[in-house]
1. Classify segment 1-145 from the C-alpha gyration tensor, please: rounded if a/c falls under 1.5, else prolate or oblate depending on whether a/b exceeds b/c.
2. Once you have the Kirkwood Rh of segment 145-221 from its Cα pairs, apply Stokes-Einstein at 37 °C and 0.692 mPa s and quote D in µm²/s.
3. With every protein chain left in place, what is the accessible area per residue of the chain in square angstrom, probe 1.4 Å?
4. May I ask you to rank ARG173, ARG67 by accessible area, largest first, using a 1.4 Å probe over the protein chains only?
5. Among the aspartates and glutamates, which fall within straight-line cross-link reach of LYS22, defined as a Cα-Cα distance under 20 Å, with same-chain neighbours fewer than 8 residues apart omitted?
6. With r defined as the distance between the Cβ atoms of ALA326 and GLU40 and R0 fixed at 22 Å, what FRET efficiency is calculated, to the nearest 0.05?
7. For segment 195-276, just say rounded, prolate or oblate: build the C-alpha gyration tensor, square-root its eigenvalues into a ≥ b ≥ c, call rounded for a/c under 1.5, and beyond that prolate if a/b exceeds b/c, oblate if not.
8. For the chain, take the longest principal axis of its alpha carbons; what is the angle in degrees between that and the long axis of helix 15-26, to the nearest 10 within 0 to 90?
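The values are calculated or read from the model by the stated rules, or taken from the named source; none is laboratory data. Worth saying up front: this structure is predicted, and the values here are computed from it rather than measured. No Cβ is skipped: glycine too gets one built from the backbone with ideal geometry, and neighbour counts run over all protein chains shown. These accessible areas exclude ligands, DNA and RNA; they are computed on the full protein's heavy atoms, side chains included. Shrake-Rupley method; radii C 1.70, N 1.55, O 1.52, S 1.80 Å.
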Amino acid sequence: MSGKPLRLGIAGLGTVGVGVIKLLHENAQAIAARAGRSIEVVSVSARSRNRDRGVDLSGLTWHDDPRALAEDPNVDVVLELIGGAEGAARELVEAALLRGRDVVTANKALLALHGARLADMARENGASLLFEASVAGGIPAIKLVREGLAADRLLRVGGILNGTCNYILTAMRESGRGFDEILAEAQALGYAEADPSTDVDGWDAAHKLAILAGLAFGRPVAFNTLHVEGIRSIAACDQAFAQEFGYRIKLLGTARRGEDDAIEAWMRPCMVAQAAPIAGVDGVFNAVITEGAFSGPMLIEGRGAGAGPTASAVVADVIDLSRGTALPVWGTAPRPEISCQPRASLSGEYYLRLLVQDRSGVVAEIAAALRDAGVSLRAMSQHAAEVGTQSGVPLAVITHATQEAAMLSVLTALEKLNSVLAEPVLMKIETV
């Protein structure tokens, strides 16, 4: 074992930063044995010096400006645990990489939006940038895709990548209650933030999907071309219809390799067959799916957030650095960003739910809109009106396989019908 410790500077002392300090203290002996030397925190930075965080920070160098960690001569590795794609987090990571200093981060937004530039900076300055904790918490998703499947040609990657949304959808299904009520419950339990937009509108999960796709296909994905939807539109009646049709609703992300290496990637609520393995991933759990030309389909499941799992993933990256691991950020030699195929080019079966007037002739109008777009019906169901909703009844249809362009055309036609009382809900039926 080397006599010189690996010295860390931590920016951000929230739940993950504090979790890292606790983990390094409680598992110090085992970590040193696996890393080949001791690992110690020497410098920190956070908003407030006076807050009681439940860990002893005495003897550590405190920097009010997190960017100072990049210049601290006593720091070997910078841990960026601030979060956010811009501001201090981005400035710190860029400053550290420019100085050739290794960086470990849990910041999925930073990697999804600026990963191409950061990869260039790391390569040009001989630094490592590791980010296992940025996707699915303690699930070793990054290592699986970048290292474990390095010899394979990956065809697909994705999964359930946000525990907050998975908890809400699970609780809605099990209780029959609506989105707003379950969201409030999730906030009270600490599963959802006071401002839940990043989670429930799909952005957190989409950032993670972009990272996985970049690793799977060896080049960063242009994030602004990735189609993103959240779960706010999902109602209790959708859960009931899903059960009736033999499905479960999941916020699912998928990136697929298409013809000529084109990339299909999206994050959206989907219906999956009740018998599918991913349908049983409930509550706050995440699941990562891969499919390789040689390895075939694979699913790994676990807690996707929280101080313990995320801190464990951060320290795993630090151990890799201590062992001398040096990996290209996206797993291959640098390649330019790739855009995702447009939404209209997607295809499959679809679920369409409408709130319609309760009168004769409405079903014929809906069927005509589908017929005119060349969409064939596989199943239809109508339920009684939900208490407290607009006057009208929920109507749901399942289509045969079709182009999403056709379904978008159907939505345009339905908007013109007086019999349709609210914005339709469209979900892809995904085979996983």
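1. Taking the square roots of the gyration eigenvalues as a ≥ b ≥ c, segment 1-145 is rounded.
2. Values: Rh = 14.1 Å.
Roughly 233 µm²/s, to the nearest whole number.
3. Working: 17960 Å² over 432 residues.
Value for the chain: 42 Å² per residue.
4. On the way: ARG173 50, ARG67 105 Å².
Sorted descending by solvent-accessible area, the residues read ARG67, ARG173.
5. Result set, ordered by chain and number: GLU40, ASP52, ASP56, ASP76, GLU80, GLU132, ASP317, ASP320.
6. Numbers: r = 22 Å, r/R0 = 1.00.
Result of the calculation: an efficiency of 0.50.
7. On the way: a/c = 2.98, a/b = 1.57, b/c = 1.90.
Since a/c reaches 1.5 but b/c is at least a/b, the shape of segment 195-276 is classed as oblate.
8. The angle comes out at about 50 degrees.
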